[in-house]
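Visitor: Here it is, the structure in full.
The values are calculated or read from the model by the stated rules, or taken from the named source; none is laboratory data. None of these values were measured; they are calculated from a predicted model. Methodologically, a virtual Cβ is constructed for each residue, glycine included, from the backbone with ideal geometry; neighbour enumeration extends over all protein chains shown. Keep in mind that these areas ignore ligands, DNA and RNA; they rest on the heavy atoms of the full protein, side chains included. Shrake-Rupley method; radii C 1.70, N 1.55, O 1.52, S 1.80 Å.
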Amino acid sequence: MKRRNLLAVATAMALTATTAACGSSGPGTESGGPTKVQVWALEDAAVNPIATASIKDFNTASGNNVELTTYVNDAYKQKLQVSMGSPQAPDVFFNWGGGNLSQFVEAGQVEPLDDLIAKNPDLGAKFLPSVMDVGKVDGKQYGLPMIGVLPVVLFINKDVFAKAGVQPPKTYAELLSLVDTFKAKGVTPIALAGSQGWTELMWLEYLLDRIGGADKFQAIVAGKDGAWQDPAVIKSLEEIQNLVKRGAFGSNFASVNYDNQGASKLFATGKAAMHLMGTWDYSVQKDANPKFISEGKLGYVAFPAYEGGAGDPKSVVGNPSNYYSINAASKNKAVAADFLAKSLTSEAYINGLIDAGQVPAVKGVEETLKAKPNAEFTTFTYGLVADAPSFTQSWDQALSPSVSEKMLTNLQKLFLNKITPNDFAADMAAAK
């Protein structure tokens, strides 16, 4: 499954109802009866039961009428872009946080949620801080997390490590040493689906986070002069080319694909020792290589610390969550806010997410996770995010589509040594 589809599934908390499209009334359509609140989200059949129950509970208790329309990924983006600012826009809309959310904030189309949180202190305190931060723009809260967390982690093939007599890396120097060890034994050190730039991006995301700190990417997102040409960015790009030259990814990584599970299979069958990937790969392995999971051969650790780097080794990158925001033009903002406050942190909603295999972005669910299937992995994921001082959103989600496309293209050139780090940075600095 493509990652974008995975994201669509995993992140589309999709208060997907069986309701037909209901966008005709738009925001601000109070007519004396129950207040209608239009909610737009992505489709996600896996969580339909959770969504249906959540909406039903709220409507029954409040006497209001929350209605939901869902769209497939690309259609949703287009529909939302066209409708925002018009009478056809929804009251509540799904978004990806970060740069995706900020474009609507800059257009004055999103209602700040700080007053809602101030009036409901338990609401703001309920979510994991690093995930909440991605729903902020210029210090104000505009989005509330509405789905599980999906950080990127370093997966370990325990069998391969045991045969080599080595331990998972805690530092980047140890990772480089492991590259040499596995290469000498004829094992590809790190599986990489290099035919797709987004898999390579994870290396740049973590290296910059560890070398320069999370603020370096935030400067890029903010469009600050020189951000792409910061020494920490150049150093991170150099480290990537060093990894390639060292043989970290083998010689055929450019032909390996993630969508057909190429990298995941290399890793699960012991032809590669490590795999840097989002936590969604656990489900991929469970479906495609179940014995790899059931026989306890899959290990996982945080990305190693970079010696002398400015970044906090507890920080994570990946997909923090998706978010619900309120349309600033809605005349039903009070009901929309009440719906978010009462639904997203309700026990039924959170337990529904967990039962669906998600790791909710809320505090205090450790014991519940321990009692569910795959507890070892879900509690590891939860702890990683709960302890993280920052959670950097995947760059291709945080940046504009045009900048993201150029970045991924340049990244593939970088891995193939067809562009220098300085040329990469200069080209990205000019990208719009």
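Visitor: For a quick size check, give me the Cα extents of the range 64-104 along its three principal axes, largest first, whole Å.
Guide: 32, 20, 18
Visitor: Still on this structure: Summarise the accessible area of the range 293-432 (1.4 Å probe, protein heavy atoms) by the percent that is carbon and sulfur. Kindly include the intermediate steps, with their values, before the conclusion.
Guide: On the way: 2870 of 5680 Å².
In the range 293-432, the share of accessible area belonging to carbon and sulfur is 51 percent.
Visitor: Next question. Hey, any idea what % of the range 103-202's accessible area is carbon plus sulfur with a 1.4 Å probe?
Guide: On the way: 1930 of 4010 Å².
Of all accessible area on the range 103-202, carbon and sulfur atoms account for 48 percent.
Visitor: Once phi is turned into θ = phi - 60°, what whole-Hz ³J(HN,Hα) does the Karplus curve with 6.51, -1.76 and 1.60 give for every residue of the range 55-62, x standing for Gly and Pro?
Guide: Karplus values, whole Hz, x for Gly and Pro: 5, 4, 4, 5, 5, 5, 6, 9.
Visitor: What number comes out for accessible area per residue over the chain if the probe is 1.4 Å? Units Å², please. Provide the component values of the computation, followed by the final result.
Guide: Numbers: 17590 Å² over 432 residues.
Computed with neighbouring chains in place, this is 41 Å² per residue.
Visitor: What is the dipole size for the chain, taken about its Cα centre, with +1 at each Lys and Arg Cβ and -1 at each Asp and Glu Cβ, in debye to the nearest 20? Kindly include the intermediate steps, with their values, before the conclusion.
Guide: Numbers: 38 positive and 42 negative charges, 192 e Å.
Around 920 debye, computed over the chain.
Visitor: Then there is this: So for the range 137-280, what are the equivalent ellipsoid semi-axes in whole Å, largest first, each being the square root of 5 times an eigenvalue of the Cα gyration tensor? Present the calculation step by step, with values, prior to reporting the outcome.
Guide: Details: eigenvalues 172, 68, 42 Å².
Value: 29, 18, 14 Å, ordered largest first.
Visitor: Ok, one more. Give a residue-ordered list of calculated ³J(HN,Hα) values for the range 292-308 (Karplus: 6.51 cos²θ - 1.76 cosθ + 1.60, θ = phi - 60°; whole Hz; x for Gly, Pro).
Guide: 4, 7, 5, 8, x, 8, 8, x, 7, 9, 6, 4, x, 6, 9, 4, x
Visitor: May I pose another question? Starting from the amide H of Val317, placed 1.01 Å from N in the peptide plane, find each other amide H under 5 Å away whose residue is 5 or more places distant or on another chain.
Guide: Excluding prolines and chain starts, which carry no amide H, the hits are Val152, Thr392.
Visitor: Between Ala125 and Ala107, 0.36 nm times their residue separation minus their Cα-Cα distance comes to what?
Guide: 3.7 nm
Visitor: Moving to a separate point now. Report P(r) for the range 153-204: all Cα-Cα distances, bin width 5 Å, range 0 to the bin holding the largest distance, values in whole percent.
Guide: Spelled out per bin, shortest first, that is 4, 17, 28, 25, 16, 8, 1.
Visitor: Per residue of the chain, what 222 nm ellipticity follows from adding -39500 (n - 2.57) for every DSSP H run with n ≥ 4, rounded to the nearest 500?
Guide: Working: 22 runs with 207 residues, N = 432.
Counting only the DSSP helices, I get -14000 deg cm²/dmol.
Visitor: A further question on this structure: What is the distance, in nm, between label points placed 7 Å from the Cα along the Cα-to-Cβ direction at Lys432 and at Ser251?
Guide: 4.5
Visitor: Right, here's the next one. Under a Cβ-Cβ cut-off of 9 Å, what is the net charge of the residues other than Asp312 that fall near it, where Lys and Arg count +1 and Asp and Glu count -1?
Guide: Details: positive: Arg210, Lys314; negative: Asp209.
Net local charge, Asp312 excluded: +1.
Visitor: If you count only protein heavy atoms and use a 1.4 Å probe, how large is the accessible surface of Arg246, to the nearest 10 Å²?
Guide: 90
Visitor: Please give the helix 333-343 orientation as an angle from the longest Cα principal axis of the chain, in degrees from 0 to 90, rounded to the nearest 10.
Guide: For helix 333-343, the angle is close to 50 degrees.
Visitor: Further, regarding this structure: Along the charge dipole of the chain, which of Ala341, Ala302, Leu113 sits closest to the positive end, that is, farthest toward it, with unit charges on the beta carbon of Lys, Arg, Asp and Glu (+1, +1, -1, -1)?
Guide: Ala302
Visitor: Could you calculate the FRET efficiency of Asp387 with Glu174 from 1/(1 + (r/R0)^6), where r is the beta carbon distance between them and R0 is 25 Å, rounded to 0.05?
Guide: Details: r = 21 Å, r/R0 = 0.83.
Efficiency computed from Cβ-Cβ geometry: 0.75.
Visitor: Can you compute the modelled spin-label distance between Ser402 and Ala53, with each label point 7 Å from Cα toward Cβ, in nm?
Guide: The two pseudo-label positions are separated by 4.6 nm.
Visitor: Now, a different point. Could you work out how far the C-alpha centroid of the range 271-314 sits from that of the range 112-162, in angstrom?
Guide: Between the Cα centres of the range 271-314 and the range 112-162 lies a distance of 21 Å.
Visitor: Once the Cα atoms of helix 231-246 and of the chain are each reduced to a long axis, what angle between those two axes, in degrees from 0 to 90 to the nearest 10, is obtained?
Guide: Helix 231-246 sits roughly 50 degrees off the main axis of the chain.
Visitor: Moving on to the next point. Calculate the translational D of the range 95-165 in whole µm² s⁻¹ from Stokes-Einstein, where the hydrodynamic radius comes from the Kirkwood formula applied to all Cα pairs, the temperature is 37 °C and the viscosity 0.692 mPa s.
Guide: Details: Rh = 14.4 Å.
Estimated diffusion coefficient is 227 µm²/s.
Visitor: Amide H to amide H under 5 Å from Gly311: which residues, 5+ apart in sequence or cross-chain, H placed 1.01 Å off N in plane?
Guide: Those qualifying (amide H under 5 Å, at least 5 residues apart or on another chain) are Ile211, Gly212, Gly213.
Visitor: Taking amide hydrogens as modeled 1.01 Å from N in the peptide plane, which residues meet the under 5 Å criterion relative to Ala272, leaving out close sequence neighbours?
Guide: The list, which skips near neighbours in sequence, is Phe267.
Visitor: Next question, about the same structure. Mind pulling up the Rg/Rh value for the range 285-432? Radius of gyration and Kirkwood radius, both on Cα. Intermediate results must be reported in sequence, preceding the final value.
Guide: Details: Rg = 20.2 Å, Rh = 19.3 Å.
Rg/Rh for the range 285-432 comes to 1.05.
Visitor: Under unit Cβ charges (Lys, Arg +1; Asp, Glu -1), what dipole magnitude, rounded to 20 debye, does the range 301-432 have relative to its Cα centre? Each step should come with its number before you reach the end.
Guide: Working: 11 positive and 13 negative charges, 92 e Å.
Rounded to the nearest 20 debye, it is 440 debye.
Visitor: May I ask you to evaluate 6.51 cos²θ - 1.76 cosθ + 1.60, the Karplus curve with θ = phi - 60°, for each residue of the range 74-85 and list the ³J(HN,Hα) values in order in whole Hz, giving x for glycine and proline?
Guide: Along the range 74-85, the couplings run 5, 5, 5, 4, 5, 4, 5, 4, 6, 7, 4, x Hz.
Visitor: With each label point set 7 Å from Cα along the Cα-Cβ vector, what nm distance links Val82 and Ala162?
Guide: About 5.7 nm, to one decimal.
Visitor: Report, ordered by chain and residue number, the lysines lying within cross-link reach of Lys265, taken as a straight Cα distance under 23 Å and ignoring same-chain residues fewer than 8 apart.
Guide: Straight-line reach from Lys265, under 23 Å: Lys2, Lys158, Lys163, Lys183, Lys185, Lys286, Lys291, Lys297.
Visitor: Can you give the convex hull volume per residue for the Cα atoms of the chain, as a whole number of Å³? Kindly include the intermediate steps, with their values, before the conclusion.
Guide: Details: hull volume 56.2 nm³, N = 432.
Cα convex hull per residue, to the nearest whole number: 130 Å³.
Visitor: Compute the Cα gyration tensor for the range 325-377, then decide on rounded, prolate or oblate, letting a ≥ b ≥ c be the square roots of its eigenvalues: rounded whenever a/c is under 1.5, prolate when a/b is larger than b/c in the other cases, and oblate in all that remain.
Guide: Values: a/c = 3.71, a/b = 3.20, b/c = 1.16.
Cα axes put the range 325-377 in the prolate bin.
Visitor: Computed FRET efficiency, Cβ-Cβ of Lys331 and Ala310, R0 45 Å: what is it to the nearest 0.05? Write out the running numbers ahead of the final one.
Guide: Values: r = 47 Å, r/R0 = 1.04.
Between Lys331 and Ala310 the formula returns 0.45.
Visitor: In the chain, with Lys and Arg counted as +1 and Asp and Glu as -1 at Cβ, which of these residues, Leu192, Leu123, Thr171, has the Cα nearest the positive end of the dipole, that is, farthest along it?
Guide: Positive-end residue among those listed: Leu192.
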